[in-house]
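Quick notes on the structure that follows.
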Amino acid sequence: MTDAVGRTDPPERMCPSTPAANATVFLGMITPAGRVAYVTPAVPAEVALAAAGDSDAPVESRFRLAGPCVTSSCGFWTGEHCGLGARMAASYAETAEPGEEQLPKCAIRRTCRWFAEQGPAACPACSHVVTDAR
Ligand code: SF4
């Protein structure tokens, strides 16, 4: 199968918004303005989680974490693709701000599920996502 940017599907795709329990990569911090400050090169999730400190707020409201896409074990999986990535890319395309065409420097683009399926349109939307782990 070939993806939106013409690559053959690799064996594993990464979910760019995954709960801490499934995380393998620390993608970035949530800034006070609610945007993602991406971190490159990749930092293992366990390193970031060990430094997260105590807080009443769930770590997913402070960190963005990535992990293996679990396909049919996720409520957003449509059977063929990630419905959340598709929905976000479509809705955000209508409200994108000037200057957001430049892709953020994230650590997982090569294997990202949303980028593979939605192409660069996924990335401006991604930078506004705070993972809801409830
Ligand atoms: S959607 Fe774009 S910015 Fe977000 S993790 Fe995937 S490749 Fe990176």
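The set of residues in the stretch 67-93 that are closer than 16 Å to E12 by Cα, part of a helix (DSSP H, G or I) and under 13 Å from the mean Cα position of the chain (by Cα) is empty.
Go through the residues of the stretch 98-108 one by one and say whether even a single one is in a helix (DSSP H, G or I), modelled with pLDDT of 80 or more and either more than 10 Å from the ligand (Cβ to nearest atom) or under 19 Å from V39 (Cβ atoms) (or both). Scanning the stretch 98-108 turns up no residue that is in a helix (DSSP H, G or I), modelled with pLDDT of 80 or more and either more than 10 Å from the ligand (Cβ to nearest atom) or under 19 Å from V39 (Cβ atoms) (or both).
If the condition is being within 13 Å of the ligand (Cβ to nearest atom) and of a type outside the set (D, E, K, R), then the stretch 64-91 contributes L65, A66, G67, C69, C82, L84, G85, A86, M88, A89.
Looking at the stretch 40-55, is at least one residue in contact with a Lys or Arg (Cβ under 8 Å, 6 or more places away or on another chain), within 14 Å of the ligand (Cβ to nearest atom) and not hydrophobic (A, V, I, L, M, F, W, C)? Yes - at least one qualifying residue is present in the stretch 40-55. Within the stretch 28-36, is even one residue in contact (Cβ under 8 Å) with a residue 12 or more places away in the chain, out of contact with any strand residue (DSSP E or B) (no Cβ under 9 Å at 6 or more places or on another chain) and farther than 18 Å from K105 by Cβ? Within the stretch 28-36 (the criterion being in contact (Cβ under 8 Å) with a residue 12 or more places away in the chain, out of contact with any strand residue (DSSP E or B) (no Cβ under 9 Å at 6 or more places or on another chain) and farther than 18 Å from K105 by Cβ), the answer is yes, since at least one residue qualifies.
Of all the residues in the stretch 34-66, those that are over 18 Å from L103 (Cα atoms), more than 12 Å from the chain's Cα centre (by Cα), in a strand (DSSP E or B) and not aliphatic (A, V, I, L, M) number 1. Applying a threshold of 7 Å to beta carbon distances and a minimum spacing of six or more residues, or different chains, the list of pairs starting in the stretch 94-123 at a residue that is farther than 9 Å from M14 by Cβ and buried (at least 17 other Cβ atoms within 10 Å of the Cβ) and ending at one that is at pLDDT below 90 and of a type outside the set (A, V, I, L, M, F, W, C) reads A116/D3; E117/D3.
The single condition among (1) within 16 Å of P124 (Cβ to Cβ); (2) among the charged types (D, E, K, R); (3) at pLDDT below 95 that D56 does not satisfy is (1).
The values are calculated or read from the model by the stated rules, or taken from the named source; none is laboratory data. On a predicted model such as this, the values are computed, not experimentally measured, just so you know. Every residue, glycine among them, receives a Cβ derived from its backbone with ideal geometry; neighbour counts consider all protein chains shown.
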